[in-house]
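In what follows, a single structure is set out as structure tokens and then discussed.
Any read-out appearing in this document is the output of simple, stated calculations on the displayed coordinates, not a laboratory observation. Note that the structure is predicted; figures quoted are calculated from it, not measured. Every residue, glycine among them, receives a Cβ derived from its backbone with ideal geometry; neighbour counts consider all protein chains shown.
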Amino acid sequence: MEATLNVDLQQVAREVGLSLEDVQTTVELLDEGNTVPFITRFRKDQSGGLNEDQIRCVQQAVKKYRALADRKHRILKSLEAQGKLTDELVARIGAADSLRRLEDLYLPFKPKKQTLAAAARARGLEPLATEILDADPVASDLQARAAFYVSQEKGVPSAADALQGAGHLIAEQYGENLPLRDELREFIRKTGKLVSTRIEEPPEAPES
């Protein structure tokens with residue numbers, strides 16, 4: 001598996017707090033198909049005497065990093081096929097340390113399904129969204145400018161529909177803004193609250 005070769009076992013060793021030698025040997029034993037209980041009982045001399053919990057930590061960490069490496073490989077291939085792969089993207093994707101960060105980087109380039117924003121783009125409303133975002137003077141009278149994009153042929157029957165479509169496109173741009181996503185996550189992490197409310201069961205109806 002190509003992704004396996006890209007896993008940094010030194011990083012795994014740091015994460016699980018074990019020596020690189022023990023991690024390397026344990027990964028080799030696991031890759032040979034040995035189970036955790038088998039390694040613990042019959043391969044202690046090879047695994048450095050690791051217990052089951054330690055071996056499972058190694059197993060889970062390697063699985064995580066292999067999944068990350070595999071996803072990086074797939075994303076790089078996708079970007080290359082799209083003709084959008086740059087040296088900067090290669091570096092940023094290579095440095096991504098979690099699947100969440102990786103998907104954030106890929107989001108602007110990810111082939112889109114038929115979203116509301118994609119439908120608005122197909123109806124020719126992207127220039128209107130750009131004018132609004134850039135505070136272009138041509139859109140100072142927004143209703144009048146939106147009316148310019150009305151087209152029965154393109155499926156934009158009114159200025160209100162044009163503005164709604166532009167709004168979907170603007171929302172997409174903000175949704176794909178990586179620094180903004182990071183800032184919102186940090187804000188939610190610091191201020192968010194998880195609240196649960198007990199729902200009382202209704203009293204049983206008296207027997208007749």
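The residue 32 and residue 11 beta-carbon pair, evaluated with R₀ = 22 Å, returns a calculated FRET efficiency of approximately 0.50.
Note on residue 184/residue 91: beta-carbon distance plugged into 1/(1 + (r/R0)^6) with R0 of 25 Å gives a FRET efficiency of 0.50. Counted residue by residue at 0.36 nm each, then reduced by the alpha carbon distance between them, the extension gain from residue 76 to residue 100 reaches 7.1 nm. Spatially, the range 29-56 and the range 77-105 are offset by 35 Å when compared through their Cα centroids.
Stretched out straight at 0.36 nm per residue, the stretch from residue 52 to residue 144 would grow longer than its current Cα-Cα span by 26.2 nm. Between 83, 94, 124, the residue with the greatest mean-square fluctuation in the GNM of the chain (Cα pairs under 10 Å linked by springs) is 83.
Arranged from highest to lowest average of other beta-carbon atoms within 10 Å per residue, in what order do the peptides 135-144, 112-121 appear? Could the numbers behind the result be given before it?
Values: 135-144: 11.9, 112-121: 14.6.
Going by the mean number of other Cβ atoms within 10 Å, highest first, we get 112-121, 135-144.
Pairs of Cα atoms nearer than 8 Å and 6+ residues apart set the relative contact order; for the range 1-132 it is 22 percent.
Note on the range 125-202: dipole from Cβ charges, positive end direction compared against 171, 127, 191; the farthest Cα belongs to 191.
Here the spin labels are modelled as points 7 Å beyond Cα on the Cα-Cβ line, and at residue 171 and residue 24 they lie 5.3 nm apart. A dipole drawn for the range 10-164 from +1 and -1 charges on Cβ atoms has a positive end, and of 26, 108, 146 the residue lying farthest that way is 26. For the residue pairs 63/110; 63/113; 72/112; 110/190, alpha carbon separations beyond 26 Å are given by 63/113; 110/190. Beyond 21 Å, what share of the Cα-Cα pairs of the chain remains, rounded to the nearest whole percent? Considering the chain, 71 percent of its Cα-Cα pairs are separated by more than 21 Å. Taking Lys and Arg as +1 and Asp and Glu as -1, the other residues whose beta-carbon sits under 12 Å from that of residue 120 total +1.
Under the convention that each Lys and Arg Cβ holds +1 and each Asp and Glu Cβ holds -1, the size of the dipole of the chain around its Cα centre is about 260 debye.
Give me the net charge for the shell around residue 139: Cβ to Cβ below 15 angstrom, other residues only, Lys and Arg +1, Asp and Glu -1. Summing Lys/Arg as +1 and Asp/Glu as -1 gives -4.
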